[in-house]
Amino acid sequence: MEANNSRELQARKYLEKHRIMELLNYLTSNLLFFQPHKPREYLISLLERLRIAKITGVAFPFFMDHTNIAAMFEMMDSSNKGTISFVQYKQALDTLGLCTADEVLKDDGHGITLDKFKHEVNKRSQEIWSSY
């Protein structure tokens, strides 16, 4: 039983070290967002674009632009207060694959504005994908 736990721990550390779960989440989210007719070829193309972006230093191919980010924010801000809760913010980052489940985010007690949300999504996406 201990050997299984050790192998499981090694596997988990490997996945974390190489950010494999974030990559798979990104690929899956991208696939579901665009729903291409040839998903395997699309994924291969996307991985190739990620590789080229890494080599050249060009921004990686993130599937959400500012319009999509604003629309996501507006859906969460259904009462049009101009802010969303910290819980909504964290869930959105999780959904986009921009926050790991065990990452500790600090709630400053203020609502998250659209500008802050856009900034964080863009910053986190650059940080994650520049590591590949």
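Laboratory data are not the source of any read-out in this text; all were calculated from the coordinates shown. Given the structure is predicted, the values throughout are model-derived calculations rather than measurements. With ideal geometry, Cβ positions are generated from the backbone for all residues, glycine too; neighbour counts draw on all protein chains shown.
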Only Cα pairs under 8 Å and at least 6 apart count here; give the relative contact order of the stretch 2-130 as a rounded whole percent. 26 percent
Starting from the 7 Å offset along Cα-to-Cβ, what nm value, one decimal, do you get for the label separation of Lys13 and Phe33? 3.4 nm
Can you flag which of Lys17/Lys38; Lys90/Lys116; Lys17/Lys54 are past 20 Å Cα-Cα? Lys17/Lys38
